[in-house]
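Below are the C-alpha cells for one structure; questions will follow.
No value in this document is a laboratory result; all are computed from the given coordinates. Since the model is a prediction, treat every value here as computed from it, not as a measurement. Neighbour counts run over all protein chains shown; Cβ positions are idealised from the backbone, glycine included.
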Amino acid sequence: MKMNRSRASFAVVGHPNKGKSSIVSTLARDDSVMISRQSGTTTHSDHYKIDTGNAGYELIDTPGFQRPKKVLHWLNQNAHSAAQRAEAVRKFVLDPICAEKFPDEVQLLTPLVEGAAILYVVDGSRPYGVEYEAEMEILRWTGRPSMALINPIENESHVESWKNALEQFFKIVRVFNPMQAGFSKQVALLEAFSHLETRWSSVLGQVIIDLKSHQKAQVVQSVELLCGLLSDLCYYQYHQKALTETQAKSLKPVLQKKYNHWMREREQRTFKELCELFSHHQCVLQTQEFDLPPDLFDSEQWYAWGLDKKQLSTVSAMTGAITGAALDAVVAGHSFMLGAIGGGVLGFTSAWLGADKLTKTSVKGLPLGGYQACMGPMRNLNFPYVVIGRFLFLFEQLKNKNHADRSSIIMSEEVLTSKIEQMQKSESKALHLACKKLIGQKPVEDLRDSLMALFVSYEND
Ligand SMILES: Nc1nc2c(ncn2[C@@H]2O[C@H](COP(=O)(O)OP(=O)(O)OP(=O)(O)O)[C@@H](O)[C@H]2O)c(=O)[nH]1
Ligand SMILES: [Mg+2]
C-alpha cells in the first residue's frame, strides 16, 4: 500500500450524489470530471493532481458510501479498542472479501489509509438524518484530519441544522457551492485546507499564490488573443483573379461568401482558444434567439455588441474628424443600422446584405494582364467595437464559470458600453484612436495597452 503523506492530498467523500465530483471539478479546474444528476456516477477513486507551477496538491474523487452500517459493523468486529480503529480500516481496505462485498467503501477508504485528508460532502438542501452517522463514524475511525463541506445543491434550507450536526464530528465546517463559488471563495476554501494538516500549509499557501498569478496571466493572455483577432479581422481582404473585368465583377457574391466565412472562422477560432485558456475544453457557445453558433455577421447582434450612434459620435469627436472613405463608411454604417432598427427584426439574409455594405469591394487590372476582384477590408468604425464587445462578454463568462458548471454560454448581453463608460477619459480616447487606426488600415503599436484598460477591473474579482 502506497503511503505518500508528504503530498497534500484530499479525498472528497460522502453519500452518493451530493456533489463530490462537482467539488473536484471546480477546484481542479477540470471540466472532464464526470458529474451527473444520477446517483452512482463515480465508481472508482480518481486522483487529480493539481500542478500550479511552483506547488501542487491532489484531490481524490471517490464513489459514495453504499452500505456504511454494515461496514461499521465489520470494523467493530475487527477493533477491540480505540487504538485499533485505524488499523481495522487498513485491514478492511486490504481484505479481498471486503473488496467484493463493499467495493465502494474500499475504493473511498483506500486514499484515506494512504494518507489523504478528508473532505466530507453533504447536501444542505436536504434534511440531516441519523443515516449519515455511520459514515461519519467510519471516517472518524481512519484518524485522518477532516473537514465537512455543506453543498447547498437546491437551496440553503437545511444548512443550519447540518452545521449543528457536523460540528460534533468535524472541527471545520464550511458551506461551499461548487457550481457557483467564485475565485475568492475557492481561495478561502484552500486556506481552510491548509489548517487541516500543518505540514501542508506552506505548499497550499504557494498554491494560492500561484493561482492568483495564474489568474493575472490569463488576463494578459486574453488581451493578447483579442489583439490578434482584431488586427486579423480588421485588416483582412480576400482576393481572386479573373481574366476579364466582367468576370471579376461577377465574382462578388463568391468573394462575399469566402470573406464572411473566413471572418467567422477566425472569430470562432479565437473563441475556442479563449475557452481553452480558461480550461473550459467542452464549453458550448450559443446565441439566445437562434439556435446557431454566435455569429459575427448577425446584424441583430450589431446593436447588442457595438456602440450606439451617440457613442460613435463621441468617438468622432474624441479622435478628430474622420476623413474621406472612412467617414463615408461610418455614415453608411449608421444609416444601415438605423434603417435596420426602423425595419424591425432582420433575418439572416439581411444580415448578409448588411455585411456586404460594411466592407469594400473593388476590381482592378493587374500589371501583367487580367483582373483582380477584392473584398474587404472592413470599413465600418463600429466593427472593432463589435469584435471587442463579443470577446469581452465571452471573457467575463469564462472567467466566472466554474468547471462543475457544464451549461452552455449564451452570447446574449453586452458589457462593452458600460465598460467604456467606466474608463478614464484618456483610456477611452486611446481605445477609440486604436479602433480608428484599425479601420483606417494603419498599424496600431499600442493596441495591447489600449485594450488592457477594458480588462484590468477583472483582475481583482
Ligand atoms: N443544476 C444542475 N445540477 C447538477 C447538474 N449535474 C449535477 N448536478 C447536481 O449535482 C449533484 C451531484 O453531482 P455530482 O458531483 O455528480 O455528485 P457526486 O457526489 O459525485 O455523485 P456520485 O458520484 O454519484 O456519488 C446532483 O444532485 C445534482 O443536483 C447539472 O447539470 N445541473
Ligand atoms: Mg461523483
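If we scan the stretch 92-108, do we find a residue that is within 16 Å of ligand 2 (Cβ to nearest atom) and closer than 22 Å to Pro152 by Cβ?
Within the stretch 92-108, not a single residue is within 16 Å of ligand 2 (Cβ to nearest atom) and closer than 22 Å to Pro152 by Cβ.
Can you give me the number of residues within the stretch 72-108 that are within 16 Å of ligand 1 (Cβ to nearest atom) and crowded, with 17+ Cβ neighbours inside 10 Å?
6
Where residues in the stretch 394-412 are out of contact with any strand residue (DSSP E or B) (no Cβ under 9 Å at 6 or more places or on another chain) and assigned to a loop (DSSP other than H, G, I, E, B), which of them is farthest from ligand 1 (Cβ to nearest atom)?
Per the criteria, the residue is Asn400.
I've got another one for you. What number of residues within the stretch 1-52 are away from ligand 2 (no atom under 13 Å from the Cβ) and more than 30 Å from Leu277 (Cα to Cα)?
The total comes to 6.
For the stretch 1-45, which positions are more than 9 Å from ligand 1 (Cβ to nearest atom), surrounded by fewer than 20 Cβ atoms within 10 Å (Cβ to Cβ) and more than 23 Å from the chain's Cα centre (by Cα)?
Met1, Lys2, Met3, Asn4, Arg5, Ser6, Arg7, His44
Could you check the stretch 153-259 for helices (runs of 4 or more DSSP H) lying wholly inside it with 1 or more residues that are in contact (Cβ under 8 Å) with a residue 60 or more places away in the chain and surrounded by fewer than 18 Cβ atoms within 10 Å (Cβ to Cβ)?
Fully inside the stretch 153-259 and qualifying: 183-194, 201-235, 245-250.
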